[in-house]
1. Which residue pairs have Cβ atoms closer than 8 Å, lie 6 or more positions apart in sequence or on different chains, and pair a first residue in segment 77-93 that is closer than 18 Å to Asp115 by Cα and open to solvent by 30 Å² or more (accessible area, probe 1.4 Å) with a second residue that is in a strand (DSSP E or B) and hydrophobic (A, V, I, L, M, F, W, C)?
2. Does Ser288 qualify as being under 30 Å from Leu195 (Cα atoms) and of a type in the set (Ser, Thr, Tyr)?
3. Name the pairs whose Cβ atoms lie under 6 Å apart, with the first residue in segment 271-294 and over 15 Å from Gln318 (Cα atoms), the second part of a helix (DSSP H, G or I) and at pLDDT 90 or above, and 6 or more positions between them or separate chains?
4. For segment 231-244, give me the residue count where each residue is over 30 Å from the mean Cα position of the chain (by Cα), open to solvent by 20 Å² or more (accessible area, probe 1.4 Å) and either within 29 Å of Ser389 (Cβ to Cβ) or in contact (Cβ under 8 Å) with a residue 12 or more places away in the chain (or both).
5. Any chance you could count how many residues in segment 111-126 are closer than 12 Å to Ala416 by Cα and open to solvent by less than 40 Å² (accessible area, probe 1.4 Å)?
6. Would you check which residues across segment 151-167 are in contact with a helix residue (DSSP H, G or I) (Cβ under 6 Å, 6 or more places away or on another chain) and either in a helix (DSSP H, G or I) or among the aliphatic types (A, V, I, L, M) (or both) and list them?
7. Restricting segment 275-294 to residues that are open to solvent by less than 70 Å² (accessible area, probe 1.4 Å) and more than 27 Å from Ala330 (Cα to Cα), which is modelled with the lowest pLDDT?
Amino acid sequence: MDERSRAVTAMIRLRRLAQINPPTPAFDRLVEDSEVTFMPLETVWADQRLDVSRVRSKATVAAGYVRFQAADVLCPKVTPTFQAGRSALIPELPSGVGAASTEVHVVRAHPGIADPRFVRYALLTKPFLEEGVSRFQGVAGLQRVPDDFLREFSVIDFTLEEQQRIADFLDDQVFRIDNIIEARRRQTDLADHVLQAEIERIWLPRQQAPMRHVLDVPREEDVPASWSIRPLGAFLSRITYGFTNPMPATDEGPYMLTAADIGDGQISYGTARRTSEEAFTGLITAKSRPETNDVLLTKDGTLGRVAEADGRPCCINQSVALLRPHAEYADGAIAEILRVRAYREALVFNAGGTAIKHLYISRVAAQKVAMPPSNVRASMVAESRKARSHFDFGLRSLTQSVELLHELKRSLITAAMMGDFETSAADGSRVPV
């Protein structure tokens, strides 16, 4: 067995390469009004989304946060962020130190023994993420990876020179893959803008320039003279919101829909809780039971998402508004109109509340909309739905592409860290196909 073969079969604990949650004396030495980098959990990413731009005074983050310094690795400890593989290597910082959410572990490579990049890649391998999930502690929804798991996790005992070679290779390859992933994200954003422009072309056909203000929706000059501009409530026989009383949950029975179950254009029955037939018929009033062609509008949470009821037995809670069109408008037009970005922005602009915004049904009913005449509505609804269908197909393709790229990246990192192939060529020419 040659020297390399022996090296790649020897395993060591991660604690031999790095400290887990060590003290940061450089933070303590700063004066109280010094500015330090501040990193809540949403800023911790393994790719270009890493955000080290936020700052706070030392005095405001001296308690209740973990401390880190440049070249440390921040590893999220809480589900589901941990499984997403978002361990971040901290670059150079203006003050050299920072404070982060207590929901991260700080991993600091031993100088002269471990390359910080190599340590970070160890935390992005499949074995680390899969074994970490099996070591979660805490109750469902609040599970965390303990620091002992990091200390005891086994990695191959590469020399520092070999670590640097592997890290150089992965830096090159991961950078390329991340650039493609970012391009896919931009494509998704552009596709959404194209879709919204097409939807507005259909439902605000004369609009030639961006809206001056969301309260300008709709203007007489936006639509043909044959259209009717009236409050949304004029086209509805009912507008209400769902039940507020607690309901028993069961494995079978009618669905209990909340705002979280209303996607943009569809109802996510797979995420919805269910209740018993007895509770459904005995406790739920008619106003909370959608019928076919009713429009469901999220009034809490992410405001303004729209879906149409499809006739399945279900009820809605107070986070969802039910809009029942008059019979002559039960052709899908109201749902399509409410998907127009300009109308949604107007509804959100008029939302009530301070820290938490809500759509009040009185304000929803008062929102003016432009309704086309009956002889063209069917074709407009069909055109609008066709545009969204094409977008959904493209979005699924882009999403699948991004998922495959993430899997490729994780597999590449894992293979390199496990010594499964030679990484001396940073151009990837020896990467197995």
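The values are calculated or read from the model by the stated rules, or taken from the named source; none is laboratory data. Here the structure is a predicted model, which is why all the values come from computation and not from measurement. Note that we place each Cβ from the backbone using ideal geometry, even for glycine, and neighbour counts take in every protein chain shown. Note: accessible area is taken over every heavy atom of the protein model, side chains too, but ligands, DNA and RNA are not part of it. Shrake-Rupley method; radii C 1.70, N 1.55, O 1.52, S 1.80 Å.
1. Leu89/Val73
2. Working: under 30 Å from Leu195 (Cα atoms): no; of a type in the set (Ser, Thr, Tyr): yes.
Taking the combined requirement at face value, the residue does not satisfy it.
3. Thr271/Asp261
4. Adding up the residues that qualify gives 5.
5. Counting residues in segment 111-126 that are closer than 12 Å to Ala416 by Cα and open to solvent by less than 40 Å² (accessible area, probe 1.4 Å) gives 5.
6. Residues satisfying the conditions are Arg151, Val155, Ile156, Gln163, Ile166, Ala167.
7. The residue in question is Gly282.
Yes/no matrix, rows are residues, columns are (1) in a helix (DSSP H, G or I); (2) open to solvent by less than 50 Å² (accessible area, probe 1.4 Å); (3) modelled with pLDDT of 75 or more; (4) closer than 20 Å to Ala366 by Cβ:
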{"residue": "Asn179", "(1), (2), (3), (4)": "yes, no, yes, no"}
{"residue": "Ala183", "(1), (2), (3), (4)": "yes, yes, yes, no"}
{"residue": "Asp192", "(1), (2), (3), (4)": "yes, no, yes, no"}
{"residue": "Arg201", "(1), (2), (3), (4)": "yes, no, yes, no"}
{"residue": "Arg206", "(1), (2), (3), (4)": "no, no, no, no"}
{"residue": "Pro224", "(1), (2), (3), (4)": "no, yes, yes, no"}
